[in-house]
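Just below is one structure, and these are the notes that go with it.
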Amino acid sequence: MQDRTPMHPDAAEGPATGPEFAATLVPSHFLPPKGFRNLLFNIAALSYLSVFVFFFLGMRWLAGLWLLDVALCCGVYLWKYAPGRLREKVVLTEERLSFVRTGPSGKAESWDFHPYWVRFELKKCQGDSNELSLSSHGRKLAFGTFLSDREKESLATALGAALAARRKRGLAQGDRA
């Protein structure tokens, strides 16, 4: 069974060469791919059974409209499911904080930040959803917009602690490049 939690910690504390923190963020309100295929299959199967009955009862025009309805229904489900393929991955290593966003089309964008200079912020908005962002050298990147406020706070706590630990080690080692 696929783990459906919106944040998957890939690694906690690891060796110096591995990630110190890694999380994959996924929208949690979408069906997994297998469940989505099953939903579309069941809609199509029930509709085609109805089309078969209408066709043999002589109501061919109604069967045609029913097929059009099934095609539109499946199209809408496919269109609404596309944002569920969004993935965001945050990885903190000794040398950098990497962020990769993979859109529904499969196109990936990535940003790299130095862990000492990056500013991580959880902006609490009244009435609105909270905002997670990374900023450094005049660049700002908002992420995790699809997460609930509780999930954002959990991620902020974990990532904030990992960044603080990394900065502390960096200060002790004199690493500010």
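Read-outs: derived from the displayed coordinates by stated rules, not from any lab. Because the structure is predicted, anything quoted here is derived from the model rather than measured. Backbone-built Cβ (ideal geometry, glycine too); neighbour counts: all protein chains shown.
Computed from backbone phi with θ = phi - 60° and the Karplus coefficients 6.51, -1.76 and 1.60, the 3J(HN,Hα) list for the stretch 18-23 is x, x, 7, 8, 8, 9 Hz; x is used for glycine and proline.
By the rule of a C-alpha distance below 27 Å, with chain neighbours fewer than 8 residues away ignored, the lysines paired with Lys168 are Lys89, Lys123, Lys124, Lys140, Lys152. Classify the stretch 33-82 as rounded, prolate or oblate, taking a ≥ b ≥ c as the square roots of the eigenvalues of its Cα gyration tensor: rounded when a/c is under 1.5, otherwise prolate if a/b is larger than b/c and oblate if not. Cα axes put the stretch 33-82 in the oblate bin.
Residue by residue, the stretch 39-56 carries 3J(HN,Hα) couplings of 4, 5, 4, 5, 4, 5, 5, 5, 5, 5, 5, 5, 4, 4, 5, 4, 4, 7 Hz when phi is fed to the Karplus relation 6.51 cos²θ - 1.76 cosθ + 1.60 (θ = phi - 60°); x denotes Gly or Pro.
Sequence-ordered 3J(HN,Hα) estimates for the stretch 140-149 from the Karplus curve with 6.51, -1.76 and 1.60 and θ = phi - 60° stand at 10, 10, 8, 8, x, 5, 8, 7, 6, 4 Hz, glycine and proline given as x. Count charges around Leu141 for me, please; just the other residues with Cβ under 12 Å from its Cβ, Lys/Arg as +1, Asp/Glu as -1. With Lys, Arg at +1 and Asp, Glu at -1, the neighbours total -1. Could I have the simple spin-label model distance between Val53 and Phe41, label points 7 Å from Cα toward Cβ, reported in nm to one decimal? Distance between the two pseudo-spin positions: 2.3 nm. Amide H contacts under 5 Å for Phe21: Leu92, restricted to partners 5 or more places along the chain or on a different chain, H placed in the peptide plane at 1.01 Å from N.
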